[in-house]
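Everything on this sheet refers to the single structure shown next.
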Amino acid sequence: MTLNFAERRDALVDRLADRRDVTRQSTLDAMCAVPREAFVRDGDRSATYEDRPLQIADGQTISAPHMVAIMTDALALDPGERVLEVGTGCGYHAAVTAEVVGAANVYSVEYSDHLAETARETLAELGYGDVDVRVGDGRDGWPEHAPYDAAYLTCAASDLPDAVVAQVRDGGRLLAPIGDGRQRLVYAEKRDGGLDREDRGGVRFVTMRD
């Protein structure tokens, strides 16, 4: 049986459009544009548009589509904004972000050499080759391209990393799953060097590597 990924993607986006926590048309357009099937393992392709995480290499996961949409929407990204991603993984979330802000404005840090290289290849094949991916410790951010308008983590940390916070401009936004056990999605706006935080609910992500 041939899998019609475009139809399944459209159906998924229709379901996302009914969520109260996904309201921006740019988010829905981005979710509709990025082919998630290109980022999953061959054995999981039939499950591509089931709204759940899937395993990728190195013990990591590709986030559930609804979580990628929620995070993209929460950051309220605009075209041309510079964004730091901590945790490239397979590159799917970076591609969604690139659809909103432009690929050349996305800078992503990945701990795993293998994942970083695979993500670069997939992103380039899909036309997102201007997304900049480097191997490193996400806690250090990527100071060479700072300041960022927004930054987000795709892995859980005990708190927002100081270096990442420092690299976001005043008035910028941050989003991350926070917690060593029970995790909460924390949204923050940087004001006068401090952070105004909001709890956006319970989540479950892989933890940031030591």
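Extension gain for ASP18 to ASP44 (0.36 nm times residue separation, less C-alpha to C-alpha distance): 6.8 nm.
Any idea what the dipole of the chain comes to, in debye rounded to 20, about its Cα centre with Lys/Arg Cβ at +1 and Asp/Glu Cβ at -1?
540
Taking every DSSP beta bridge with both residues inside the chain, roughly what % is antiparallel (nearest 5)? In the chain, approximately 45 percent of DSSP beta bridges are antiparallel ones.
According to the square roots a ≥ b ≥ c of the eigenvalues of the Cα gyration tensor, what is the shape class of the range 77-210, taking rounded for a/c under 1.5, prolate for a/b larger than b/c otherwise, and oblate for the remainder? Oblate, because a/c is 1.5 or more while a/b does not exceed b/c. Shape class of the range 1-129 from the Cα gyration tensor (axes a ≥ b ≥ c, square roots of the eigenvalues): oblate, since a/c reaches 1.5 or more and a/b does not exceed b/c.
If the chain linking ASP51 and GLN25 were pulled fully straight, counting 0.36 nm for each residue of separation and taking away their Cα-Cα distance, it would gain 7.4 nm.
Would the range 91-140 count as rounded, prolate or oblate if I go by the C-alpha gyration tensor, calling it rounded below 1.5 in a/c and otherwise prolate when a/b exceeds b/c, oblate otherwise?
Working: a/c = 2.29, a/b = 1.37, b/c = 1.67.
Note, shape of the range 91-140 comes out oblate.
Before rounding to the nearest 500, sum -39500 (n - 2.57) across all DSSP H runs of length at least 4 in the chain and divide by the residue total; then give [θ] at 222 nm in deg cm²/dmol. One gets -8500 deg cm²/dmol as the mean residue ellipticity at 222 nm. Please give the helix 92-101 orientation as an angle from the longest Cα principal axis of the chain, in degrees from 0 to 90, rounded to the nearest 10. Helix 92-101 and the main axis of the chain meet at about 70 degrees. Residue separation of ARG204 and ALA166 scaled by 0.36 nm, minus their Cα-Cα distance, works out to 11.1 nm of gained length.
A short reminder: the numbers here are calculations on the coordinates, not readings from a lab. Not measured: the values here are computed from a predicted model. Counting neighbours? That spans all protein chains shown, and the Cβs are built from the backbone with ideal geometry, glycine included.
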